[in-house]
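Notes for the one structure printed next.
The values are calculated or read from the model by the stated rules, or taken from the named source; none is laboratory data. Just so it is clear, the structure is predicted and the values come from calculations on it, not from any experiment. Glycine also receives a Cβ, built like all others from the backbone with ideal geometry; neighbour counts cover every protein chain displayed.
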Amino acid sequence: MEWYIKVLENYAVFEGRARRMEYWMFVLVNVFITIGISILQGLLGLGEIIGSLYGLAIFIPALAVTMRRLHDSGRSGWWVLLYLIPILGALVLLLFMCFEGDHGSNDYGPDPISR
């Protein structure tokens, strides 16, 4: 949960780098929260209001951590636009997110582990 909170604290920080653990723990907690909201909406018959509000609230932090993760692997944050290509773009970005980042400094800042 601390990784999720860390991403929310840096919700609009698009520069710097994010390690795999930070990114994937954020994604995991986000999936669990989304599942919980879906169950709650189904039980209470609220429609998609809560889920839509949560998705809107989490959009910028998710975009920021994705861009920082791309920076960690030495790629520009503009690679996030691959999401606009159906299926193939998401698969390519999934691969980028799985690979280990650069060790040491790169064009996007110092190694997050060594700070």
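Numerical summary
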| quantity | calculated |
| --- | --- |
| Some residue of segment 74-81 being in contact (Cβ under 8 Å) with a residue 40 or more places away in the chain, under 14 Å from the mean Cα position of the chain (by Cα) and buried (at least 17 other Cβ atoms within 10 Å of the Cβ) | yes |
| Criterion: at pLDDT below 90 and within 20 Å of V7 (Cβ to Cβ) - qualifying residue of R75, R115, R69 | R115 |
| Qualifying residue in segment 82-100 (condition: of a type in the set (D, E, K, R) and in a helix (DSSP H, G or I)) | no |
| Segment 15-43, residues that are crowded, with 16+ Cβ neighbours inside 10 Å and either part of a loop (DSSP other than H, G, I, E, B) or modelled with pLDDT under 90 (or both) | G16, R17, A18, R19 |
| Residue match in segment 91-104 (condition: within 22 Å of I33 (Cα to Cα) and either modelled with pLDDT of 95 or more or under 12 Å from the mean Cα position of the chain (by Cα) (or both)) | yes |
| Residue check, A62 at pLDDT 90 or above, crowded, with 16+ Cβ neighbours inside 10 Å, under 20 Å from V13 (Cα atoms) and of a type outside the set (V, I, T) | yes |
| Filtered residue count, segment 83-115, keeping only those that are over 20 Å from V13 (Cβ atoms) and buried (at least 16 other Cβ atoms within 10 Å of the Cβ) | 0 |
| Extreme residue, farthest from L95 (Cα to Cα), among residues of segment 44-59 that are surrounded by 14 or more Cβ atoms within 10 Å (Cβ to Cβ) and more than 14 Å from the chain's Cα centre (by Cα) | I50 |
